[in-house]
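> Please see the structure below; I have some questions.
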Amino acid sequence: MRFSISRLTTGLLMLVALTFSVVSHAQTTAVKVSLLDMTSVGGHMMDRGARGYGHGMMGRGMGGPGMMGPDGYGMQGRGGYGPGYGMMGHGMMFIRTDHDTVKAGKIRFEVANLSKSEIHEMAVVAVGSLDAALPYDYNTWRVIEDQVKILGETHGMKPNDTKTLELTLAPGHYLLICNLPGHYAAGMVIPLIVTK
C-alpha cells in the first residue's frame with residue numbers, strides 16, 4: 001500500500017509540474033503598435049511616442065528604427081518592400097512597435113491610431129523573407145490582399161481609436177502594414193520577427 005501511495009504522489013506531482021509548464025508557456029506577449037502620420041507628430045512624439053506606444057519619429061534614442069534611424073527603415077526607404085518602406089506617395093506615414101522580435105505563441109497586438117485626422121489599420125502579413133516584395137496594385141495604391149497571407153487585421157480605425165488583435169504566431173517573418181489606399185506606399189510597414 002505504501003508503494004502505491006508513493007507512486008500516486010509522484011504521478012500527481014509530475015502532472016502538476018507538467019500543467020504548470022504548459023500554462024507558463026501559454027502566456028501572451030503584448031506588442032504595442034502605433035499608427036502614425038504627420039498629424040500625430042508633436043513635441044513629445046519626436047523621441048518616445050505618445051502614450052508609451054512605439055518610439056516616436058526619431059526612433060529609439062534617435063538611433064533606432066525611426067525616420068532618421070541608420071538602419072534604412074526611415075524616409076529613404078529600404079529595398080524589397082515593393083513601393084517603399086519610407087516616405088513615398090502622398091505623405092509621410094509610419095508604424096512603430098515596442099518589439100522588433102517576439103517569441104512564438106500568443107501575441108496580443110495593442111494597436112493605437114495616434115493620427116488626429118486619418119483612418120488607419122494594421123494587418124499582420126506572413127512573409128518568407130523580410131526582403132520579399134509584396135504584390136502591389138498601383139491603380140488602387142494597395143497591396144493585393146488575395147496574393148498575400150494576412151493572418152489578422154484591425155480594419156479601419158478612426159483617429160485616437162484603439163483595438164486589440166490576438167494571434168498565435170509561429171516562428172518566422174511578418175510585416176505589419178496599413179493597407180488603406182496609399183498608406184503602405186507612404187511608409188506604413190514594419191517588420192516583426194518571431195523566434196522559437
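> Being closer than 13 Å to Ile177 by Cα, at pLDDT 95 or above, of a type in the set (Val, Ile, Thr) and part of a loop (DSSP other than H, G, I, E, B), is that true of even one residue in region 131-149?
yes
> Give me the pairs, please: first residue somewhere in region 34-48 and over 14 Å from Met188 (Cβ atoms), second residue anywhere and open to solvent by less than 10 Å² (accessible area, probe 1.4 Å) and at pLDDT below 90, beta-carbon distance under 6 Å, and either six or more positions apart or on two chains.
Filtered contacts from region 34-48: Met45/Gly56; Met46/Gly56; Asp47/Gly56; Arg48/Gly56.
> Would you call Arg108 over 14 Å from Cys178 (Cβ atoms), at pLDDT 95 or above and not in a helix (DSSP H, G or I)?
Against the criterion (over 14 Å from Cys178 (Cβ atoms), at pLDDT 95 or above and not in a helix (DSSP H, G or I)), Arg108 qualifies.
> Suppose the filter is touching a residue at least 60 places away in the same chain (Cβ under 8 Å) and under 16 Å from the mean Cα position of the chain (by Cα); does Lys106 pass it?
Judged against the criteria, Lys106 is a match.
> Sticking with this one: Taking Asp137, is it of a type outside the set (Val, Ile, Thr), free of Cβ contacts under 8 Å to residues at least 40 places away in the same chain and open to solvent by 20 Å² or more (accessible area, probe 1.4 Å)?
yes
> Across region 119-130, what is the number of residues that are part of a loop (DSSP other than H, G, I, E, B) and more than 26 Å from Thr39 (Cβ to Cβ)?
The number of residues fulfilling the criteria is 3.
> Could you please find all residues in region 150-159 being more than 11 Å from Ile119 (Cβ to Cβ) and either in contact with a Ser or Thr (Cβ under 6 Å, 6 or more places away or on another chain) or open to solvent by 70 Å² or more (accessible area, probe 1.4 Å) (or both)?
The answer is none; no residue qualifies.
> Scan region 161-179 and tell me whether some residue there is farther than 20 Å from Val31 by Cβ and either without any contact (Cβ under 8 Å) to a residue 60 or more places away in the chain or open to solvent by less than 20 Å² (accessible area, probe 1.4 Å) (or both).
No, region 161-179 contains no residue that is farther than 20 Å from Val31 by Cβ and either without any contact (Cβ under 8 Å) to a residue 60 or more places away in the chain or open to solvent by less than 20 Å² (accessible area, probe 1.4 Å) (or both).
The values are calculated or read from the model by the stated rules, or taken from the named source; none is laboratory data. All values derive from a computational prediction rather than experimental measurement. As a convention, Cβ positions derive from the backbone with ideal geometry for all residues, glycine included, and neighbour counts pool all protein chains shown. Side chains are part of the model used for accessible areas, which takes the heavy atoms of the whole protein and leaves out ligands, DNA and RNA. Shrake-Rupley method; radii C 1.70, N 1.55, O 1.52, S 1.80 Å.
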